[in-house]
Every structure is written in structure tokens, then in C-alpha cells.
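The values are calculated or read from the model by the stated rules, or taken from the named source; none is laboratory data. A quick note: this is a predicted structure, and the numbers were derived from the prediction, not measured. Glycine gets a Cβ as well: all are built from the backbone with ideal geometry, and neighbour counts include every protein chain shown. For accessibility, only protein heavy atoms count, side chains too; no ligands or nucleic acids. Shrake-Rupley method; radii C 1.70, N 1.55, O 1.52, S 1.80 Å.
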Amino acid sequence: MQKITPLLFTLFSFTAFSQSVPSPESFLGYKLGDHYTHHYKIVNYFREVARALPSQVKLVQYGETYEGRPLLLAFIASSENLQRLEDIRRNNLRLAGVLKDGTAPDEGGPAIVWLSYNVHGNEPSSSEAAMKTLYALVDPSNTSAKEWLRHVVVVMDPCINPDGRDRYVNWFTTAVGKTPNPDPQAREHREPWPGGRTNHYNFDLNRDWAWQTQTETQQRLKQYNTWLPQVHVDFHEQGYNNPYYFAPAAEPYHDVITPWQRDFQVQIGKNNARYFDSNGWLFFTKEEFDLFYPSYGDTYPTYNGAIGMTFEQGGHSRGGLAVIKADEDTLTLADRLEHHYTTGISTIEVSSQNAPRLIKEFHKYFNDAREKPGGEFKAYLIKADAYGDRLRRLEALLDKNQIEWGQAPSASFTGVDYETGKPAAFKASTSDIVINTNQPRSNLLRVLFERNSRISDSVTYDITAWSIPYVYGLQAYGLNTWVGTTAPAAATPSSTEASAGGYAYAVRWTGMNNVRFLTQLLNKGVKVRYAEQSFQSGGQEFEKGTLLIMATGNGSLGTQLWPIVTATAKSTGITLYPILSGFVDKGADFGSDRVHFIHRPKVGVLTGEQVSSLEAGEVWHLFDRELDYPISQLDAEDIGRLDLKKYDVLILPSGYYRNLGDKAMAEPLRNWVREGGRLIAMEYAVEQLSKLEWGLKTKGQDDKKDDDKGKKEEDYSALHRYGNRQRDEVMSSVPGSIYKVELDNSHPLAFGYPDHYYTLKQDDHVYEFIKEGGWNVGVIKKDNYISGFTGKKAKEKLKDGLIFGVQEMGRGEIVYMADDPLFRSFWENGKLLFCNAVFLVGQ
């Protein structure tokens, strides 16, 4: 038998690889950069590489998008490491302290580098780069990659947002000709509404990491939190005129970020710069993209022990296949993917070279989190909301993020009250929960719960306040001692049996489960009423907004009424309270005009080019996924041609509506309201309505006119230094801060609330109090600021004004919501307010 020499063996192996593992070009039939690749082809390429080289590549489908496209993870490692992939994962969790199986963690394993591509669908170059990166890592002629994979396991998510990507790519394919047109004014550079940036429901998945409101995020984070990589890169695109951005990030950094996390960002940045310098490519660092808001693809990993980074290539939706930039150079898709490929490979390289230090610092990070957590408090005690579901929803969020919590003891405590900011003595019950900070997720917990985050730089990229007790509307206390807890008790089954023996059944109006109960009954044709005033029956107190289901009016359902009510109560997890008589102990009897029949509203929401796709998506997602209640999406362009009489409720998400810019064009909408319609206006839609002289005025409009008249010629207030322009802008900015809103909870818009609500302000808009024909349901008074950054000039304006109100107009109403109560679907305490506007107001 002829002996095979090492050289012949190497040649044989390379030939076999070349025949079995196709390059992207040979598999796709075109060179990367010549076309945008549809998602299914990216999936097929990854599957083919995994099939051809199972010793080094493992492919896992971890879920599906709303539209049914597969979500994938590829694990690339040396053959030795891939064989023990599960052992590596479990050891990594031991290092983080989240797996306690009696085995000591080993700091000698490989580091884990996680690369996430295409979270914004119309930033598509990174998924193209992912294919090139995969091929480079498994190419046997790439001796450097072989060495890297001895020290790191690479995890690749080739496309986080397949629905958005295909929305963009499918549109672009129809718009581009045989030869791409680089003219930035050409149609192929003008993506139509809603664009491919977002997912199916128009949610920005790069703002959803911590909140996990979307199915793509929920499924991805289940995987991410069972690995906890040492390094995570989130690949993006920005405006096509911008040079490439990579770490280190801009200020503000949250102060939980460790010196090591900061330093290693610099190391990666310098390695990236080395490659960019050698190619003569432009780049920038330390500007614009900060590390503060906790729900990004760089900050969430950072607050979970990783070196989390955003890399931004110029291009996104207007880049096309080629575009002429302002400097008259032409940027191509091939350029863009090459830049992303380079930073991805560079990150793997420098991580491999520093794997032992990455592992050691990762282990230290979690040891410190458990043994010496930082922050203002050692524990948080969250009070249960009586009869509500807000605490259950918070518990679900904690579980999604693997934050440990337990049942509180029945005892007395002293802690800082989140509502007053002052120490207070209180009693806890076993219905309350405690979250101790001495746990692996201590830093993420601190970021999510701290009352005021210290901002080192007021020029920030996103909202600056998100403290969870305010978001959920729950009473919370910060404690200076750790608290012994017990495992959460199993939920006590609700009383959900309804029978024909009683006069009626009452359901408390305290949370979103109650809303879902209502919508399901309405969908099934059950007639429901609500009590405008609190009442007492059978020795029990029932608050305003309590739902009442009676046989009266439901005769058409016959014997099916109570089985329907019982099944709906069980499926929504609410409690039914039997009422034996319509003669109540206190309050209005059930035949009173203070008990209102709830008409099943037909609801429409305006969408299209004039509307914020994000806010329209929030409304759509709420109705479609949380309420399971029909809603018609209507194009704002068609408002003059729509038969509005078909709808009882019309929702105007934030936007700039052309019909609201002209009084005559807006008159048909006003007539619809007068004839009994209910208009719900949000954010900038409220601002536009305030200019129509329908009754609402922007606060300070008249004062500003008077001030302008009284100005003297020598007034120098308009003189500003050019170098301070960014700082001057933030003086009037409100990049997401929390304010306390005083509520009139006797009005149906505020049913289910105490006398206050915490709102997220994203602008300085407040409105004059409605003096006649309306109700000032939610107002900001003096000193109602709670947390987050608010510019000095903006803070002066944000007082003594209306935020939520109802204006009566003929037989209809306009509900004003100057702030977004559905913000990114994570502002949980605002959802009931919005549902009140839809289902209770005006009934």
C-alpha cells in the first residue's frame, strides 16, 4: 500500500473541502455584493455548510418569526471543541454562577464570541458578511482561523430579523434595474412605509432585548441566556455618508460597566483600526453610540458580563447596491459587507488572543455580582397590587431575564419608598416579592430598578429613564439589608365558575387580564356592563370600572351564557364574584344610569406614510396579540375617502397628518366625532389637533406671542457658540424621562388606577387645561419630575399642564394622550389607560 505523505494528505483534504463546502459565490451563483440575498438562501447556505462540515459547524433552529421564517444559530469551533460543546456551555454557566451542579467552574475553556447580524432588516449588508465570515472560519487554508478556533467558540445569528430583511430585499428587488442606479434620489434608494427596519409588528428589535415583547426576542434570549458569551457584537448600518463606527463607545457609559469592559473595547477598537488603516478606510469611535439604555444589543450583553459592542457601517435603507455619497465617492454593497466582515474577523482574532483574560474577568464579574453587588440598595421589595396582574407581569419579566426573586416574609421593614424618595416603615405580606441584589444578574437588576441613573453625558442616543416600579405602576421599597425569601408559592386558582343561580357576576377592573376577559366576551357576543361608581354587595367592596355580566340582555345566548363566561374566566385567569341581587348595599343599583352598557366598539387605526410606524405597530400588536380583538388598519392617505361611520373608535398614533394641517380638510373628521365617534390622538397627533382651534391649546402659545412682541432689539439670546450647538440643543430636549401625572380616577379614562400615574415624557409638550366641555384626567403639576434627563428649558415648561384629557364634542369625544402609554409595549402600566380610552370612555 502506497504511503500518503503529509503534503499529499493536506492537498487531498483541501480538495475534499473545496468539493464539499461551497463558497457563498459558488452556492448562490453570484458574487457577494452583486445582489441582496433573500433570507431563505442565507438559511440554505448555512445549512449546506453545516451539512458538509459537521465536525466544525453545528446549526440550531431556535424558533420562527411571526411570519414563519426560521431563526438560526450557527456554532463554529475546532472539531475538539465542537464535540464537547455542551460541556463548554455548562462550564460557562458555572463561571457565571447560574448553574450550580456541584462541579467547580474551569477557567481554562474557550471564550465564547457571539455575532448578531441584521437586527434591522433594512441594514442588510451584515447578513451578506455573515456568509463570508462563516466560510472564512471553516476554510482549511485559513491557518489563522484554525488557531483562533482553538481558543474561541463562535456563535453566529445570521439574521435576527428575517421578516424585516425580506420586506426590504423583496421591495428593493422590484425597484432596481439591471444596473444599479447610484443616484441617491432614485427610487431604489427611497424605501416605502413602513420600511424593513422593524419586524412584522413594526417593532424595533434592537430596543427589545431586556423587555422581550416580541417573539423573535423572546426565543433568541432563551438561547442567549443559556450561553452568556464573553463577547457580543451587534452589526448595524447608519446613514450612507457616515464612515464606519466601532468601539469604544461614546459616553454616557452606565457606571455598572467595569474598567475591564471599557479597556477591552479599546483593544478591539485598536485591532479594528489596524485593518482599516491598512486599507485606507475611514472610521470613527467614541461618538454618538453610547452604552446606557439597557435594552440594546450592546448594553444588554454588557450588563450580563460580556464585552458588548455595536458596529455601524454606512448604508442602511438608502445604500442600495451602490450610492454616490456627499464626497462624490461611490459606496457599494461589496464595500459595506467587506467592512463588516473585517471587524467580525478582527473581533474573533483579538478575543482568541485574549481568551484566558476574557474568561478570568468574566468569572470575576459574576463573583463580584454575587459577593459585593453595587448600587443604592441590597434588596427591592415590591408590593402586590390588590386584585391586579401587574406584579404577575413583573415576575414574568424577571423570569425572562433570569433574575432571581422570592416570596417576601410577613414582617415589618423600613426602606426608601419609590413614590416619595424618603424612608418609610411598612409591613410586607407573603403576597409581596423580594429581589435580593446578591445574585448573578445583580448588575442588570440594578440598572433596571435604580430610581435615578447617573448620566455622565446628557447627549444620549435613547431614553434615559426606565425604572421598573414606575413602568409597572407598583409600590416598591429599596432596602439596605438582604431579606430571606421562600420559593414562590403556586398561584391560587381563581373562582371561575359561573352558573344560572346568581343574579350577576362581577369582575374587578384592575389590569390587562380583565381587559382580555372583556374583549373575549365581546367577541363571543356577551353583553357586559360596568359600574361608574364604587359599590358594595354581599359585604364586598367593588371599585369604579367593575364589569357586570347578567342574564339580562343576554337572552340570545340561552344556556350557553354561563359556560362561555366560565371558560373565558379560566382562560384569562380572572376571578368571578357572584352577586345575588341588583339591590346593592352601597352605591348605585344595577338598573341605575350609573351602570353603563359596553357597546362592542368597531376600531380603526390610521397607518401609512403620515404615521409613526413604531406607534402604529404598538397599537396593532396590542389588539392582535394581547387583546385578540379586531382592528382595521386604515391608510391615512385615504382619510377623505373612508366611510368613518363604520367605526366607533379611530386611533391616531403619533405622526404628521396632512388633513390635520388644514381646518377645512379636518372638518369631516370633526363632524364624525360630533356624530358619536371617539377619536384617540397620541403624541404629535395631539399637537396637530391643538392647532385646529377645536378646544385644546398648546401651553405657552399665547405667552410666546406676547414675549416676542416685547423683545428688545438688543436682546442677545439668539447668539450661540457653534462649538456648543449639541449642548444647546439638549437644553430643550426630553430624551425619555419619567414624570408623575396626577389622575382624576373618577373618570373612566383612569379607572383601575390610584390617583397618579408615571408617564414617559419624550418631548416638552404640555397643554392648557380644558376649561369647558371636557375633563382634565391626567395633569402635571409643579415639581412632578421623577427621573431621567430633562433639559433646563424643557423642565421649565413641564409643569401645570394637561397630559391626558377627554374633550366632549357633540355626541362624541376626543381622547388626548400627549404621551405614549404603549411605549415599545414595555410600559406596562400605560396599557390599561389606553384600553380605558377604547372600551370605557364615552359608553
Quiz item: Which one of D327, D389, D298 is touching a helix residue (DSSP H, G or I) at 6+ places or on another chain (Cβ under 6 Å), of a type outside the set (F, W, Y) and touching a residue at least 24 places away in the same chain (Cβ under 8 Å)?
Solution: D389
Quiz item: Of all residues in region 137-155, which are closer than 14 Å to I348 by Cα and either open to solvent by less than 10 Å² (accessible area, probe 1.4 Å) or modelled with pLDDT under 95 (or both)?
Solution: L137, V138, A145, L149, V152, V153, V154, V155
Quiz item: Limited to region 596-623, what total is found for residues that are open to solvent by less than 70 Å² (accessible area, probe 1.4 Å) and part of a helix (DSSP H, G or I)?
Solution: 10
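Here's the yes/no breakdown for (1) charged (D, E, K, R); (2) under 19 Å from P24 (Cα atoms):
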position: L82; (1), (2): no, no
position: E86; (1), (2): yes, no
position: N91; (1), (2): no, no
position: K100; (1), (2): yes, no
position: P110; (1), (2): no, no
position: W114; (1), (2): no, no
position: A145; (1), (2): no, yes
position: I160; (1), (2): no, no
Quiz item: Which of the residues belonging to region 119-132 are buried (at least 24 other Cβ atoms within 10 Å of the Cβ) and assigned to a helix (DSSP H, G or I)?
Solution: S125, S126, S127, E128, A129, A130, M131
Self-check item: Top-ranked residue in region 566-585 [being among the hydroxyl-bearing types (S, T, Y) and touching a strand residue (DSSP E or B) at 6+ places or on another chain (Cβ under 8 Å); ranked as nearest to S537 (Cα to Cα)]
Solution: S581
Exercise. Report whether or not H254 is under 26 Å from F203 (Cβ atoms), open to solvent by 20 Å² or more (accessible area, probe 1.4 Å) and modelled with pLDDT under 95.
Key: no
Practice problem: Report the residue count in region 75-109 for those that are assigned to a helix (DSSP H, G or I), open to solvent by 50 Å² or more (accessible area, probe 1.4 Å) and either in contact (Cβ under 8 Å) with a residue 60 or more places away in the chain or not basic (K, R) (or both). | Solution: 5
Self-check item: Qualifying residue in region 626-636 (condition: in contact with a Leu (Cβ under 7 Å, 6 or more places away or on another chain), crowded, with 18+ Cβ neighbours inside 10 Å, part of a strand (DSSP E or B) and at pLDDT 95 or above)
Solution: yes
Practice problem: Report yes if some residue within region 34-51 is of a type in the set (S, T, N, Q), closer than 27 Å to L333 by Cβ, crowded, with 17+ Cβ neighbours inside 10 Å and in contact with a Pro (Cβ under 6 Å, 6 or more places away or on another chain); otherwise report no. | Solution: no
Self-check item: Residue count, region 386-411 (criterion: in a loop (DSSP other than H, G, I, E, B), aliphatic (A, V, I, L, M) and open to solvent by less than 40 Å² (accessible area, probe 1.4 Å))
Solution: 2
Exercise. Can you run down the residue pairs with Cβ atoms below 8 Å, 6 or more apart or on separate chains, where the first is in region 129-154 and on the phi > 0 side of the Ramachandran plot and the partner is crowded, with 16+ Cβ neighbours inside 10 Å?
Key: none
Quiz item: How do the helices (runs of 4 or more DSSP H) wholly within region 135-241 filter down when requiring 3 or more residues that are under 17 Å from the mean Cα position of the chain (by Cα): which remain?
Solution: 215-224
Practice problem: Only residues in region 676-694 that are under 23 Å from K761 (Cβ atoms) and modelled with pLDDT of 95 or more count as the first member; pair them with residues that are surrounded by fewer than 21 Cβ atoms within 10 Å (Cβ to Cβ) and of a type in the set (K, R), Cβ under 6 angstrom, at least 6 apart or cross-chain, and list the lot. | Solution: S690/K697
Quiz item: Are any residues in region 156-180 of a type in the set (A, V, I, L, M) and either open to solvent by 60 Å² or more (accessible area, probe 1.4 Å) or farther than 16 Å from I42 by Cα (or both), and if so, which ones?
Solution: A175, V176
Quiz item: Which of the residues belonging to region 427-486 are of a type in the set (A, V, I, L, M, F, W, C), in a loop (DSSP other than H, G, I, E, B) and under 13 Å from L398 (Cβ atoms)?
Solution: L474
Exercise. Scan region 346-381 for residues that are farther than 28 Å from F311 by Cα and among the basic types (K, R) and jot them down.
Key: R370, K372, K378
Quiz item: Do we have any residue at all in region 481-491 that's surrounded by 15 or more Cβ atoms within 10 Å (Cβ to Cβ) and at pLDDT below 95?
Solution: yes
Quiz item: If we keep just the residues of region 353-369 that are crowded, with 16+ Cβ neighbours inside 10 Å and touching a Ser or Thr at 6+ places or on another chain (Cβ under 9 Å), which is farthest from F276 (Cα to Cα)?
Solution: A369
Quiz prompt | Residues of region 760-803 classified as surrounded by fewer than 19 Cβ atoms within 10 Å (Cβ to Cβ) and in a strand (DSSP E or B), total | solution = 1
Quiz item: Taking the stated definitions as given, is V471 within 26 Å of T510 (Cβ to Cβ), at pLDDT 95 or above, among the β-branched types (V, I, T) and open to solvent by less than 10 Å² (accessible area, probe 1.4 Å)?
Solution: yes
Self-check item: Residue check, A273 surrounded by fewer than 22 Cβ atoms within 10 Å (Cβ to Cβ), within 16 Å of E349 (Cβ to Cβ) and modelled with pLDDT of 95 or more
Solution: yes
Quiz item: Among the residues of region 513-555, which ones are within 17 Å of H747 (Cβ to Cβ), surrounded by fewer than 20 Cβ atoms within 10 Å (Cβ to Cβ) and either at pLDDT below 95 or of a type outside the set (G, A, S) (or both)?
Solution: Q533, E543
Quiz item: When the residues of region 782-832 are filtered to those that are modelled with pLDDT of 95 or more and small (G, A, S), which remaining residue is farthest from G473 (Cα to Cα)?
Solution: G810
Exercise. Test V113 against the criterion of being within 26 Å of the chain's Cα centre (by Cα), touching a residue at least 24 places away in the same chain (Cβ under 8 Å) and not in a loop (DSSP other than H, G, I, E, B), and give yes or no.
Key: yes
Self-check item: Residue in region 199-247 that is nearest to Y300 (Cα to Cα), counting only those that are of a type in the set (D, E) and touching a strand residue (DSSP E or B) at 6+ places or on another chain (Cβ under 9 Å)
Solution: D234
Quiz item: So, in region 49-74, of the ones that are part of a helix (DSSP H, G or I) and either among the aromatic types (F, W, Y) or farther than 19 Å from Y341 by Cβ (or both), which residue ends up nearest to the chain's Cα centre (by Cα)?
Solution: A50
Quiz item: Does F246 satisfy the condition of being touching a helix residue (DSSP H, G or I) at 6+ places or on another chain (Cβ under 7 Å), buried (at least 18 other Cβ atoms within 10 Å of the Cβ), touching a residue at least 60 places away in the same chain (Cβ under 8 Å) and under 18 Å from Q353 (Cβ atoms)?
Solution: yes
Quiz item: Could you list, in sequence order, the residues of region 322-331 that are of a type outside the set (G, A, S) and open to solvent by 20 Å² or more (accessible area, probe 1.4 Å)?
Solution: I324, K325, D327, E328, D329, T330
